[in-house]
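Report on the structure given below.
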Amino acid sequence: VESADSDGDGLTDSEEIELGTDATDSDSDGDGQSDGAEVTAGTDATDETDSFVDSDSDGMSDEYETSMGLDATDASDAATDTDGDGLTNLEEYEAGTDATDADSDNDGLSDLIEIDNNMDPSDGSDATTDTDGDGLTDGEEILAGTDIESADSDGDGLTDSEEIDLGTD
């Protein structure tokens, strides 16, 4: 029947056959967007990689916005810092971090601190690395204000960990 729609996605069964989508599955490519919505948006309803057209043209995919509890029809949320870590929601999206969690990888360092220190805010293990071999993890050094690339940040002959152990600066 040409006008029937089994899956309720806004496309008739005959349209689905013509497009190569599954007339019994409202989301043929499994990307979270109905086949009808994708066709209306001008994307390929059989390709999960191109289906997330940004409804508000703010630079974030609708899928990301929806998963973060943002409004995919409100462009102003791109400039908002939902989690208060100093990164806008758009910057979080571009970094691949969680816009609702200031410390996406739960390593004790905010996403902004990690980005500012060339660390990966989605990799919790990088905070436990000791780049300069001074006995302090990179996370401990950042929180102490020492240089993660210099074992003796102030050049006084004592390693950063020795100074912290002695209580000196």
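The values are calculated or read from the model by the stated rules, or taken from the named source; none is laboratory data. In this text, all values refer to a predicted model and were calculated from it rather than measured experimentally. Here the Cβ positions follow ideal geometry from the backbone for every residue, glycine too, while neighbour counts run over all protein chains shown. To get the accessible areas, we keep the full protein, side chains included, count just its heavy atoms, and leave off ligands, DNA and RNA. Shrake-Rupley method; radii C 1.70, N 1.55, O 1.52, S 1.80 Å.
See the values below:
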read-out: Sulfur and carbon atoms: percent of accessible area, the chain [1.4 Å]; value: 46
read-out: Label-point separation in nm, Asp81 to Thr24, each point 7 Å along Cα→Cβ; value: 5.2
read-out: Largest to smallest accessible area among Ile142, Ile17 [probe 1.4 Å]; value: Ile17, Ile142
read-out: Relative contact order (%) - the stretch 63-142, alpha-carbon pairs under 8 angstrom, separation at least six; value: 17
read-out: Where Thr12, Thr97 fall by accessible area, highest first, once all protein chains stay in place (1.4 Å); value: Thr12, Thr97
